[in-house]
Structure formats: C-alpha cells, structure tokens
Amino acid sequence: MTLAFDFNSVQATEFGVGRDVDGDQAFELIPIDDQVQRALQEMGQATWDAMRKLADSPAVYEPTEKYASAECLILPLGNDLSGPLGRVHQANNLPVNAAALSDTSGMFCYFARMIDHRRRHLTAIRRATQFKGVLKRRLIRLTTDTLRLIPDAVFKLDADFDLLIDGAEIKILRPSGFESLGGLKEALLAAVPKNVRALQSDLGFVDFSPIQDYASSHPRAARYLSSIRSQKETKNVDKRALKRFCKELGINTTEANGKIFVQPDQIMDFLEVLDRRRYRVQLIKGSPERFKATSRQKLGNQD
C-alpha cells in the first residue's frame, strides 16, 4: 500500500470543520497557527502508520461486509460511495470562518488539508464526537499553586484521523467513521436506480422492478445492490442454476414471460444469494442445513 503524499515535506496545512446546514453538508476553514499545523501533521502521520500496521494490501470497502472497529480499507475516489468526502478533498476556495467553532451545533467532523513539496494534496478527516465533547466538560489547570477552572472554550484534537484521501482513493482506518462521514445511507439509496440498471443488463431474466422499489426505501437492500454490482460477477450467472439454488435454500420464485419474479417478503433473501452470502451444506445424510454468511472471502475456483 502506498500513499501519494510525503509527510516529511508538508508545505501548507489547512484546518476546517464540516456541519449539517438545512440537510446539506457545509465545510469551512478556520485559521490556525504553526503549532496546530504541526499537531495535524503528526495526526496524519499516526493515521498512516496505523494503517500500514493493519494491512499491506487492504481490501476494497464493501457496504455489506462487517468490519472491525479499526480495519484498513480503500475506496477509489470515483466510486459512487465516495460522495461528500471526495468533494471536500477536491474543493477549491472553501470559505474561511474564524468564528466557526463558536457554535458547534450540527458539526459532524473536522479535517485537515495538506500540500507536500510536489504539490500533492492530502485530506484527513475525523468525526467530531470527542472534539465536541470536550466543550461540555469543566476543565482545570494549574496556575501557581492553585487549580482553576478554564473559562474559555477548549477543543481537543484526537490522536489520529478516521481516514485519509490522496489523489487516487480514500484510505479508511475506521469503517464506521467512513460510513458516518460519507453519508453512506443517502449515497446508497441514491445509487439504487444506477445499480439496478447495471444488474438488469447482466441479468435480463430477472424482473428487478419490485427489487428497485423495495431497495429505494430499505438501506440494507440498497447496500446489497451496491455490493453485488461492485463484484462484477453477475454477467455469467446461469438462469437454471440460480432458480435451482434458490429452491434449495427455500426461496420461492416464479417465472412468467421468461423472467424470474421474487416476492417482496423474499427480496432480501434473493439479494443475499446474488451477493454470495447464502449457502447450503449436507454433512449429515438427509439433513441439509442452510446458512447465511455475515462476511465472506472468495477462496478461488478449485475443483
């Protein structure tokens, strides 16, 4: 795994926050001094070090996988799920607001944008949960021989970021942070029509109309559609094999005018089949067992 950025030659560092404003995400820059710049650079380096310890060749993020709290993953910037994270990385002329931290309502993240000696850009983002939490505490400091309350608002930076964005991809350290920051639910629901069109092209013998209607209001189904499309393994699916496997798993389908129809109450089961998450084993004669995989890893095509 490589990073298209050099932390040892940072030429400029910006700091900003993101907040929800009337349902939209807005990003503002805040002026900072040299000490804060160095602290942000150290956070970025710590994030990159943690990622390299977790994975040499990180997997691509999949919305239906279950991940650990800290797990190194990647997502190309051009992916539909990169959403607002890609936009804040590529944005020019973000507004400057020195008083942005005077009101933390709606603030969901803080971020740093850096430029190295080769003019390469890096964006590092962290959820603002701990950052905002310090504002609500009573902090004290030692002055001479007396402990005194700090009257001013205090903001605490974290030890690292949730993700880094270079010129090619989003590098994820905390999957839950990425999902929260990237507005994943909204992005997945918005991508349903596009994902269905791609799958319908490969699986012309399946009626996707009720599946699209269902997924448009059910985020979990939208996750499966995105995952199935990203695998790019639907083009050669055999119709008879699909029907037979569904029957073995107890998923009832009907066929009319050459198309397979799935009942609304079994759409999730059907999508789990296409996402390779349903399987059947029979280790005891006459006692087949059906299972659903919460996570999967392809082992290869072996006889």
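The values are calculated or read from the model by the stated rules, or taken from the named source; none is laboratory data. Nothing here was measured: the structure is a model prediction, and the numbers come from that model. A quick note on method: Cβ atoms are made from the backbone with ideal geometry, for glycine too, and the neighbour counts reach across all protein chains shown. With ligands, DNA and RNA removed, areas are computed over all heavy atoms of the protein, side chains included. Shrake-Rupley method; radii C 1.70, N 1.55, O 1.52, S 1.80 Å.
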**OP:** Compare 89, 121 by solvent-accessible area with a 1.4 Å probe and give them largest first, with all protein chains kept in place.
**Re:** 121, 89
Original post:
Considering only protein heavy atoms, what is the solvent-accessible area of residue 125 at a probe of 1.4 Å, reported in Å² to the nearest 10?
Top reply: 0
**OP:** Determine the equivalent ellipsoid of the chain by diagonalising the alpha-carbon gyration tensor, then write out the semi-axes as square roots of 5 times the eigenvalues, largest first, rounded to whole Å.
**Re:** 46, 20, 19
Original post:
Taking 0.36 nm per intervening residue step and subtracting the Cα-Cα distance, what contour gain separates residue 217 from residue 190 on full extension?
Top reply: 8.7 nm
**OP:** At 1.4 Å probe size, with no ligands or nucleic acids counted, give the accessible surface of residue 103 in Å², nearest ten.
**Re:** 80
Original post:
Averaged per residue, what accessible surface does the chain expose to a 1.4 Å probe, in Å²?
Top reply: 56
**OP:** Report the calculated FRET efficiency for residue 176 and residue 257 (r = Cβ-Cβ distance, R0 = 35 Å), to the nearest 0.05.
**Re:** 0.20
Original post:
Accessible area, 1.4 Å probe, largest first: how do 9, 105 sort?
Top reply: 105, 9
**OP:** Sort out for me the Cα centre separation of segment 44-69 from segment 93-126, rounded to whole Å.
**Re:** 22
Subject >> Reachable lysines from residue 156, criterion Cα separation under 19 angstrom, eight or more residues apart if same chain >> reply: 132, 136
**OP:** Show that you can apply the helix-only estimate: for the chain, add -39,500 (n - 2.57) for every DSSP H stretch of four or more residues, divide by all residues, and state [θ] at 222 nm to the nearest 500.
**Re:** -9500 deg cm²/dmol
Subject >> Full-extension gain in nm, residue 24 to residue 57, via 0.36 nm per residue minus C-alpha separation >> reply: 8.4 nm
Subject >> Accessible surface, 1.4 Å probe, highest first, among residues 157, 181, 94 >> reply: 157, 94, 181
Original post:
Taking Cα atoms of segment 222-291, Rg/Rh with Kirkwood Rh, to two decimals?
Top reply: 0.98
Original post:
Does segment 6-141 classify as rounded, prolate or oblate by the C-alpha gyration tensor (a ≥ b ≥ c root eigenvalues; a/c under 1.5 gives rounded; else a/b over b/c gives prolate, otherwise oblate)?
Top reply: rounded
Original post:
With each pseudo-label sitting 7 Å past Cα toward Cβ, what's the residue 241-residue 202 distance in nm, one decimal?
Top reply: 1.3
Original post:
Roughly how big is the chain's charge dipole about its Cα centre, with Cβ charges of +1 (Lys, Arg) and -1 (Asp, Glu), in debye to the nearest 20?
Top reply: 940
Original post:
To the nearest 10 square angstrom, how much accessible area does residue 279 have with a 1.4 angstrom probe?
Top reply: 100
Original post:
Can you pull the percent of the chain's accessible area that's carbon plus sulfur, 1.4 Å probe, other chains left in place?
Top reply: 47
Original post:
If one takes the longest principal axis of the Cα atoms in the chain, at what angle in degrees, from 0 to 90 and to the nearest 10, does the Cα axis of helix 219-231 lie?
Top reply: 80
